[in-house]
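A.B. asks: Dumping the structure here so I can ask a few things about it.
The values are calculated or read from the model by the stated rules, or taken from the named source; none is laboratory data. As the structure is a prediction and not an experimental result, all values here were calculated from the model. A quick note on method: Cβ atoms are made from the backbone with ideal geometry, for glycine too, and the neighbour counts reach across all protein chains shown. Just the protein is used for accessible areas: all its heavy atoms, side chains included, with ligands, DNA and RNA removed. Shrake-Rupley method; radii C 1.70, N 1.55, O 1.52, S 1.80 Å.
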Amino acid sequence: MISLLFALVTLQDTTIVIHADSSSATLEARALPRVVSEEVIRFYNAPGTTRLVGRTRLPRGNEWRGNVAVRSGPVLVAGRVQGSLVVINGDLLFDSGAEVTGDVIVVGGTVNDSTKARIGGEVRQYREPLLYRLRHEGDELVYAPNLRRRLFNPGARVSWGDADSRSSLTIATGGTFNRIEGLPIVFGPLFDWKLHQNFRMRVDALGVFRSAGDLSDKRSDLGYMVRGELRSGDVRPVGFGLRAFDVVSPVEDWGLHDAEIGWSAFLFGRDYRDYFLNKGWAARAFAQPERQIALSLELRREWQTSVANQDPWTVFRNSEIWRPNPPIDEGHFTTIAAGAVLDTRNDPEEPTSGWLVRTTLEDSRSSDVVPHSGVPASVRDSIPAGAYRYDRMFFDIRHWARISPSGRVNVRLVGGGWVGGDPLPLQRRLSLGGPDPMPGHPFRSSACNTAFTDPTFTEARVAACDRVIAFQTEYRGHVKLNWSYNPSKDDKGDRDEGNVPRFFWLEGPDVVVFADAGQAWLVGNGPNRLPAGRIPRFDSWLVDVGLGVDWGGFGVYIAKAVTTGERLRFTARLDHRF
């Protein structure tokens with residue numbers, strides 16, 4: 001398995017990502033193909049190239065003479081470019097009458113309204129961002145991919161086609177290593193075709209191999225994810241998609257990042273999530289009325305069943321027994337889910353300013369749900385047979401703000417849970433505590449599970465709360481200390497450093513001071529419950545404070561619980577806290 005992982009790392013230029021809430025698979029390009037990155041960097045560094053930075057506009061009647069490169073756009077062109085134009089990590093918009101006599105290349109963005117312009121050469125667009133660092137006060141770029149991108153989602157792809165349409169055969173890790181599937185491997189064809197100007201069709205037909213073996217007598221060690229999507233527009237797209245799936249879905253996925261969950265399980269046998277089998281189909285409509293706003297509406301029909309642990313191999317603690325995977329309330333569920341996203345971040349990968357707001361609202365129904373008999377009446381009221389319905393909401397609000405050239409303050413408010421109808425099923429319940437978002441407290445220290453007596457649940461430390469809320473804040477101070485690693489560098493010395501590509505580049509570390517607070521609770525009348533219109537008293541919230549160092553996403557932290565007598569807790573992270 002380890003050899004397979006490293007083989008995939010060496011071949012990666014794209015990755016398959018499973019979106020757990022919707023059980024879908026997408027081809028998410030995490031970095032430009034190396035040949036394109038080098039071409040764009042050569043163009044930018046060429047002595048005859050005019051270099052511009054930030055929001056740029058060429059008015060009607062004006063002209064740029066010679067090749068032009070703009071990084072961190074967007075770029076609006078209404079005049080004439082006598083040469084080629086490259087836009088790096090920004091969007092390009094043409095106005096009527098615009099002209100470019102050479103080629104147009106956009107990386108990390110989109111080209112909008114190219115039909116309004118006269119373009120003498122070819123037009124190429126890559127949504128993948130260019131990974132680089134600056135030299136010589138911004139006059140030169142150096143290729144600098146981040147090691148995190150190479151490790152988290154290894155995969156390999158063979159592609160053919162042109163700039164408008166591509167077909168691929170892919171094999172990649174299909175999610176996170178976990179105690180149910182082991183390492184899921186996704187394989188199969190992906191097609192992305194341009195049917196008409198600004199109108200595309202995408203088809204994914206992927207199999208899922210569960211390396212841990214058979215899951216149960218009802219399921220095999222093979223699953224699938226099949227999706228078709230029609231999309232109109234690049235800058236403000238609208239579209240419709242259909243998909244079918246047979247996957248393993250997590251109960252809670254809003255804490256640690258997927259890669260951190262997988263590496264923790266693979267290395268140390270600690271899996272911080274629970275899972276269930278999910279098979280069904282879904283139809284989804286989506287629209288982006290503004291660049292910063294995305295809306296979606298989805299109808300799902302799912303068959304959800306419990307699944308027991310397998311015993312996948314781990315690097316350390318391989319002889320220890322895995323934490324049991326708790327059962328769920330099984331049945332067929334029909335769900336209508338509405339989602340909205342507001343994204344004003346200046347950089348989706350490494351934001352230093354802006355907002356990210358995500359919210360979902362679900363209405364789910366079942367006529368054959370089988371409630372588990374081991375759930376105490378003090379935790380939830382009885383679930384009706386034949387006409388079961390519940391509503392659930394979740395939100396995640398994040399803000400990044402730079403307060404000095406090297407200092408930032410980031411805040412996050414996250415929460416949600418039951419908002420109406422019958423009690424939540426076990427697979428939609430919540431908890432708080434653990435490495436994220438409360439690293440100073442034990443795993444699921446607030447999980448509303450103290451009334452359980454069934455060992456199936458007590459040994460699993462089941463998440464059983466109706467609602468959760470958490471607030472996180474941190475100050476990041478940047479220390480300028482840059483370091484790179486290049487295994488192919490020869491003895492030429494540093495005189496050619498600017499022309500030698502890096503295997504990876506770590507920018508200077510951030511010193512992080514943070515504090516977190518939150519609580520999870522049951523809704524209703526009776527002992528240990530709160531009415532639907534209230535949140536817990538602030539003096540009952542869990543609170544922790546801590547200090548850490550973050551090197552481009554690789555971080556080590558020490559946290560201490562303030563409200564309880566917990567020991568100091570050490571946490572290693574593979575990505576930013578948020």
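A.B. asks: Restricting the search to region 144-161, which residues are in a loop (DSSP other than H, G, I, E, B) and either open to solvent by 20 Å² or more (accessible area, probe 1.4 Å) or at pLDDT 75 or above (or both)?
C.D. replies: 144, 146, 153
A.B. asks: Which of the residues spanning region 162-190 are part of a loop (DSSP other than H, G, I, E, B) and in contact (Cβ under 8 Å) with a residue 40 or more places away in the chain? I'd like the intermediate steps shown before the answer.
C.D. replies: At the first step, the residues of region 162-190 found to be part of a loop (DSSP other than H, G, I, E, B) are 162-165, 174-177, 179-181, 183.
If the condition is that a residue be part of a loop (DSSP other than H, G, I, E, B) and in contact (Cβ under 8 Å) with a residue 40 or more places away in the chain, then 163, 174, 175, 176, 177, 179, 180, 181, 183 are the ones that fit.
A.B. asks: Among residues belonging to region 302-313 that are open to solvent by less than 20 Å² (accessible area, probe 1.4 Å) and touching a Gly at 6+ places or on another chain (Cβ under 9 Å), point out the one that is farthest from residue 254 (Cα to Cα).
C.D. replies: Of all residues in region 302-313, those open to solvent by less than 20 Å² (accessible area, probe 1.4 Å) come to 302, 304-305, 307, 312.
Remaining after also requiring touching a Gly at 6+ places or on another chain (Cβ under 9 Å): 302, 304-305, 312.
On the way: 302: 21, 304: 20, 305: 21, 312: 24 Å.
Looking at the filtered set, the residue picked out is 312.
A.B. asks: Of the residues 360, 352, 314, only one is β-branched (Val, Ile, Thr), in a strand (DSSP E or B) and in contact (Cβ under 8 Å) with a residue 24 or more places away in the chain; which?
C.D. replies: Residue meeting the stated conditions: 360.
A.B. asks: Just checking, which of 331, 339, 374 is part of a loop (DSSP other than H, G, I, E, B), in contact with a Ser or Thr (Cβ under 8 Å, 6 or more places away or on another chain) and small (Gly, Ala, Ser)?
C.D. replies: On the way: 331 fails: part of a loop (DSSP other than H, G, I, E, B); 339 fails: part of a loop (DSSP other than H, G, I, E, B).
Only one candidate qualifies: 374.
A.B. asks: Related question: Mind checking whether some residue in region 289-301 is among the polar types (S, T, N, Q), farther than 30 Å from residue 72 by Cβ and surrounded by fewer than 19 Cβ atoms within 10 Å (Cβ to Cβ)? So that I can check it myself, show each step before the final result.
C.D. replies: Our first condition is that a residue be among the polar types (S, T, N, Q); within region 289-301, this holds for 292, 296.
Those still in the list that are farther than 30 Å from residue 72 by Cβ too: none.
No, that holds for no residue.
A.B. asks: Turning to a different aspect of this structure: Determine, yes or no, whether residue 285 is at pLDDT below 95, surrounded by fewer than 20 Cβ atoms within 10 Å (Cβ to Cβ) and over 21 Å from residue 455 (Cβ atoms). Before the answer, list the steps.
C.D. replies: On the way: at pLDDT below 95: no; surrounded by fewer than 20 Cβ atoms within 10 Å (Cβ to Cβ): yes; over 21 Å from residue 455 (Cβ atoms): yes.
Here the answer is no, as residue 285 does not meet what is asked.
A.B. asks: Are any of the residues in region 40-50 modelled with pLDDT under 90 and either surrounded by 19 or more Cβ atoms within 10 Å (Cβ to Cβ) or not in a strand (DSSP E or B) (or both)? I'd like the intermediate steps shown before the answer.
C.D. replies: Initial filter on region 40-50 (modelled with pLDDT under 90): none.
Checked against the condition, which is being modelled with pLDDT under 90 and either surrounded by 19 or more Cβ atoms within 10 Å (Cβ to Cβ) or not in a strand (DSSP E or B) (or both), region 40-50 yields no hits at all.
A.B. asks: Still on this structure, I have one more. Residues of region 537-554 being over 26 Å from the mean Cα position of the chain (by Cα) and among the aliphatic types (A, V, I, L, M), which ones? Step through it out loud before you land on a result.
C.D. replies: Taking region 537-554 as the starting set, the residues that turn out to be over 26 Å from the mean Cα position of the chain (by Cα) are 537-543.
The answer is 542, 543.
A.B. asks: Let me ask something else about it. Within the group 134, 130, 76, 85, which residue is crowded, with 21+ Cβ neighbours inside 10 Å and without any contact (Cβ under 8 Å) to a residue 24 or more places away in the chain? Even if it seems obvious, please write down each step before you answer.
C.D. replies: Values: 134 fails: crowded, with 21+ Cβ neighbours inside 10 Å; 130 fails: without any contact (Cβ under 8 Å) to a residue 24 or more places away in the chain; 76 fails: crowded, with 21+ Cβ neighbours inside 10 Å.
Answer to the selection: 85.
A.B. asks: Can you tell me how many residues in region 456-513 are aliphatic (A, V, I, L, M), open to solvent by less than 60 Å² (accessible area, probe 1.4 Å), in a loop (DSSP other than H, G, I, E, B) and modelled with pLDDT under 95?
C.D. replies: So the count comes out to 1.
A.B. asks: Considering only residues of region 432-455 that are outside any loop (DSSP other than H, G, I, E, B) and touching a Gly at 6+ places or on another chain (Cβ under 8 Å), which is surrounded by the most Cβ atoms within 10 Å (Cβ to Cβ)? Walk me through it before giving the result.
C.D. replies: We begin by selecting, within region 432-455, every residue outside any loop (DSSP other than H, G, I, E, B); these are 432, 446, 455.
With touching a Gly at 6+ places or on another chain (Cβ under 8 Å) added as a condition, the list becomes 432, 446.
Details: 432: 27, 446: 23.
The qualifying residue surrounded by the most Cβ atoms within 10 Å (Cβ to Cβ) is 432.
A.B. asks: Also: Filter region 380-399 for residues that are of a type in the set (A, V, I, L, M, F, W, C) and either open to solvent by 50 Å² or more (accessible area, probe 1.4 Å) or out of contact with any Asp or Glu (no Cβ under 9 Å at 6 or more places or on another chain) (or both) and give the result. Don't jump to the end; show me each part of the working.
C.D. replies: Step one: list which residues in region 380-399 are of a type in the set (A, V, I, L, M, F, W, C), which gives 383, 385, 387, 393-395, 397.
Those that are of a type in the set (A, V, I, L, M, F, W, C) and either open to solvent by 50 Å² or more (accessible area, probe 1.4 Å) or out of contact with any Asp or Glu (no Cβ under 9 Å at 6 or more places or on another chain) (or both): 385, 387, 393, 395, 397.
A.B. asks: Output the residue which, of all residues in region 314-362 that are acidic (Asp, Glu), touching a strand residue (DSSP E or B) at 6+ places or on another chain (Cβ under 7 Å) and open to solvent by 30 Å² or more (accessible area, probe 1.4 Å), is nearest to residue 430 (Cα to Cα).
C.D. replies: First pass over region 314-362, keeping only residues acidic (Asp, Glu): 320, 329-330, 343, 347, 349-350, 362.
Now restrict to residues that are touching a strand residue (DSSP E or B) at 6+ places or on another chain (Cβ under 7 Å): 329-330, 343, 362.
Filter once more, so that each one left must be open to solvent by 30 Å² or more (accessible area, probe 1.4 Å): 330, 343.
Numbers: 330: 17, 343: 26 Å.
The qualifying residue nearest to residue 430 (Cα to Cα) is 330.
A.B. asks: Ok, one more. Can you name the number of the only condition in (1) in a loop (DSSP other than H, G, I, E, B); (2) more than 19 Å from the chain's Cα centre (by Cα); (3) over 28 Å from residue 191 (Cα atoms) that residue 236 fails?
C.D. replies: It is condition (3) that residue 236 fails.
A.B. asks: The conditions are (1) assigned to a loop (DSSP other than H, G, I, E, B); (2) within 22 Å of residue 274 (Cα to Cα); (3) open to solvent by less than 50 Å² (accessible area, probe 1.4 Å), and residue 416 fails exactly one of them. Which is it?
C.D. replies: It fails just one condition, (1).
A.B. asks: Determine, yes or no, whether residue 528 is open to solvent by 40 Å² or more (accessible area, probe 1.4 Å), under 23 Å from residue 441 (Cα atoms) and either modelled with pLDDT of 90 or more or not β-branched (Val, Ile, Thr) (or both).
C.D. replies: Working: open to solvent by 40 Å² or more (accessible area, probe 1.4 Å): yes; under 23 Å from residue 441 (Cα atoms): yes; either modelled with pLDDT of 90 or more or not β-branched (Val, Ile, Thr) (or both): yes.
Judged against the criteria, residue 528 is a match.
A.B. asks: Quick check: is even one residue across region 249-270 without any contact (Cβ under 8 Å) to a residue 60 or more places away in the chain and in a strand (DSSP E or B)?
C.D. replies: Within region 249-270, not a single residue is without any contact (Cβ under 8 Å) to a residue 60 or more places away in the chain and in a strand (DSSP E or B).
A.B. asks: While we're here: Of the residues in region 549-578, how many are open to solvent by 30 Å² or more (accessible area, probe 1.4 Å) and either in contact with a helix residue (DSSP H, G or I) (Cβ under 8 Å, 6 or more places away or on another chain) or among the hydrophobic types (A, V, I, L, M, F, W, C) (or both)? Before the answer, list the steps.
C.D. replies: The initial filter retains those residues of region 549-578 that are open to solvent by 30 Å² or more (accessible area, probe 1.4 Å), namely 549, 551, 554, 556, 558, 560, 562-570, 572, 574-575.
Within this subset, residues satisfying the condition of being either in contact with a helix residue (DSSP H, G or I) (Cβ under 8 Å, 6 or more places away or on another chain) or among the hydrophobic types (A, V, I, L, M, F, W, C) (or both) are 549, 551, 554, 556, 558, 562, 568, 570, 572, 574-575.
Count: 11.
A.B. asks: What number goes with the only condition from (1) touching a helix residue (DSSP H, G or I) at 6+ places or on another chain (Cβ under 7 Å); (2) more than 23 Å from residue 236 (Cα to Cα); (3) surrounded by fewer than 18 Cβ atoms within 10 Å (Cβ to Cβ) that residue 95 does not pass?
C.D. replies: (2)
A.B. asks: Here is a follow-up. Would you confirm whether any residue within region 100-108 is modelled with pLDDT under 95, of a type in the set (A, V, I, L, M, F, W, C) and open to solvent by 30 Å² or more (accessible area, probe 1.4 Å)?
C.D. replies: No, there is no match, as no residue in region 100-108 is modelled with pLDDT under 95, of a type in the set (A, V, I, L, M, F, W, C) and open to solvent by 30 Å² or more (accessible area, probe 1.4 Å).
A.B. asks: Answer yes or no: is there a residue in region 249-267 that is more than 19 Å from the chain's Cα centre (by Cα), over 20 Å from residue 416 (Cβ atoms) and surrounded by fewer than 18 Cβ atoms within 10 Å (Cβ to Cβ).
C.D. replies: The answer is yes, given that some residue of region 249-267 is more than 19 Å from the chain's Cα centre (by Cα), over 20 Å from residue 416 (Cβ atoms) and surrounded by fewer than 18 Cβ atoms within 10 Å (Cβ to Cβ).
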